[in-house]
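What follows is one structure encoded as structure tokens, with my remarks underneath.
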Ligand code: HQG
């Protein structure tokens, strides 16, 4: 992706996850918006995107953040929303261990409350420590937490795998967390 593609990807994240009004569009209950409506809305809000660029960004986005519907007529973000959406992923069985990257300064609060979804719809967990580390770095001095996801699932917590490979859950109680991912 070139610089322009990254700019488009960031704008799409804003519109499709957080503030659809920035492009004058509305998401349906599952987070979808018709592609034509989106392109028209972006253009009329000072951010014109060609259909080719949109297709390129969806296909080549580093985290595959966006997906077209099967008929190609609609688009949505696969996860990461702060607006309320019902993504309708099937509950799944997570790997025994998952990881979450955060900043060191959040640890005391995480230790007492567990992982909270904050402004998003879910807590986001990664299969790999490398991804978790990169996520944590965005917030400050990174720390990678290990989540005993298999145990958590057996204790009745639902997990969902997003279309782009992120594991989602409502809340991770502190009991299932290990502060030192290397241990
Ligand atoms: C922290 C990226 C204090 C949490 C990534 C995180 C991800 C607490 C921050 C996606 C806490 C929320 C989401 C507690 C959690 N006390 N802090 N009890 N519980 N936190 O950005 O997971 O590149 O909403 O650890 O790949 O960092 O945008 O969540 O540090 O999948 O596609 O509160 O964003 O994807 O921050 O990132 P965020 P996140 P994209």
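Computed values, structure above
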{"read-out": "Subset of segment 125-136 (residues that are without any contact (Cβ under 8 Å) to a residue 40 or more places away in the chain and buried (at least 17 other Cβ atoms within 10 Å of the Cβ))", "value": "131, 135, 136"}
{"read-out": "Extreme residue, nearest to the ligand (Cβ to nearest atom), among residues of segment 60-79 that are under 20 Å from residue 123 (Cα atoms) and buried (at least 21 other Cβ atoms within 10 Å of the Cβ)", "value": "65"}
{"read-out": "Test result for residue 169, in contact with a strand residue (DSSP E or B) (Cβ under 6 Å, 6 or more places away or on another chain) and more than 12 Å from the ligand (Cβ to nearest atom)", "value": "no"}
{"read-out": "Which numbered condition residue 33 misses (of (1) modelled with pLDDT of 95 or more; (2) surrounded by 15 or more Cβ atoms within 10 Å (Cβ to Cβ); (3) under 17 Å from the mean Cα position of the chain (by Cα); (4) under 21 Å from residue 89 (Cβ atoms))", "value": "(3)"}
{"read-out": "Candidate set from segment 80-101 (those that are closer than 15 Å to residue 152 by Cβ, in contact (Cβ under 8 Å) with a residue 60 or more places away in the chain and in contact with a strand residue (DSSP E or B) (Cβ under 7 Å, 6 or more places away or on another chain)); member that is surrounded by the most Cβ atoms within 10 Å (Cβ to Cβ)", "value": "98"}
{"read-out": "Every residue from segment 44-64 that is touching a residue at least 24 places away in the same chain (Cβ under 8 Å) and not in a loop (DSSP other than H, G, I, E, B)", "value": "53, 54, 56, 57, 60"}
{"read-out": "Qualifying positions in segment 102-124 - near the ligand (Cβ under 6 Å from one of its atoms), loosely packed, with under 14 Cβ neighbours inside 10 Å and touching a residue at least 60 places away in the same chain (Cβ under 8 Å)", "value": "113"}
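The values are calculated or read from the model by the stated rules, or taken from the named source; none is laboratory data. These figures come from a predicted structure and were not determined experimentally. Positions of Cβ are backbone-derived with ideal geometry, glycine not excepted, and every protein chain shown enters the neighbour counts.
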